[in-house]
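Have a look at the structure below, then the notes.
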């Protein structure tokens, strides 16, 4: 019985030791859980909002961003895939992709940022940032499943910002 208790404690300690470090993700465009301005949606300029990153682990080799909508009628809908971002990046500027980063194909079937555009109701949009212990060897235009697979086992930090948008 003591052996099982010890193994349980070791499992908990080990799990905490390998939990991804928290990354803070904020935006000058909207507050956490707030409304995303129309300027950053299909009703506006279809531009990504400015993102601010802090708390990236010092041993990160690259960053990746995934923006998705879990409230889409057919399930999770991906709006933006970006990887191999310099880990020293602290600001992703409005309507831009970080230098030397690669973008994937979103669920609109296009490269780059696809703005929030819910068919009805208000949806939640998650701007997720991942710190990785490697650069990813993916070709520009890769899809979400490719990025998820390439990141598996390499995430050392994670953060997200959620915003809401509903068409009127």
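The values are calculated or read from the model by the stated rules, or taken from the named source; none is laboratory data. Please read all numbers here as calculations on a predicted model, not as lab measurements. All Cβ positions, even for glycine, are placed from backbone atoms using ideal geometry, and neighbour counts span all protein chains on display.
One residue alone among 164, 140 is over 25 Å from residue 54 (Cβ atoms) and surrounded by fewer than 19 Cβ atoms within 10 Å (Cβ to Cβ), and that residue is 140. Restricting attention to the stretch 98-119, the residues that are under 17 Å from residue 68 (Cβ atoms) and either in contact with a helix residue (DSSP H, G or I) (Cβ under 9 Å, 6 or more places away or on another chain) or assigned to a loop (DSSP other than H, G, I, E, B) (or both) add up to 15. One residue stands out in the stretch 85-97 among those that are in contact with a strand residue (DSSP E or B) (Cβ under 8 Å, 6 or more places away or on another chain) and part of a loop (DSSP other than H, G, I, E, B): the one that is farthest from residue 140 (Cα to Cα), namely 90.
Yes/no per residue for (1) touching a helix residue (DSSP H, G or I) at 6+ places or on another chain (Cβ under 8 Å); (2) buried (at least 20 other Cβ atoms within 10 Å of the Cβ); (3) modelled with pLDDT under 95; (4) not in a helix (DSSP H, G or I):
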{"site": "4", "(1), (2), (3), (4)": "no, no, yes, no"}
{"site": "9", "(1), (2), (3), (4)": "no, no, yes, no"}
{"site": "43", "(1), (2), (3), (4)": "no, no, yes, yes"}
{"site": "48", "(1), (2), (3), (4)": "yes, yes, no, yes"}
{"site": "52", "(1), (2), (3), (4)": "no, no, no, yes"}
{"site": "60", "(1), (2), (3), (4)": "no, yes, no, yes"}
{"site": "71", "(1), (2), (3), (4)": "no, no, no, yes"}
{"site": "80", "(1), (2), (3), (4)": "no, yes, no, yes"}
{"site": "83", "(1), (2), (3), (4)": "yes, yes, no, yes"}
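Considering only residues in the stretch 140-168 that are assigned to a loop (DSSP other than H, G, I, E, B) and touching a residue at least 24 places away in the same chain (Cβ under 8 Å), the one that is farthest from the chain's Cα centre (by Cα) turns out to be 167.
Here the condition is being more than 18 Å from residue 36 (Cβ to Cβ), at pLDDT below 95 and in contact with a strand residue (DSSP E or B) (Cβ under 8 Å, 6 or more places away or on another chain); of 100, 142, it holds for 100 alone. Residues being over 14 Å from the mean Cα position of the chain (by Cα), on the phi < 0 side of the Ramachandran plot and either crowded, with 19+ Cβ neighbours inside 10 Å or part of a strand (DSSP E or B) (or both) are represented in the stretch 122-132 by at least one member.
The residues in the stretch 99-111 that are under 22 Å from residue 89 (Cα atoms) and surrounded by fewer than 17 Cβ atoms within 10 Å (Cβ to Cβ) can be counted, and the count is 3.
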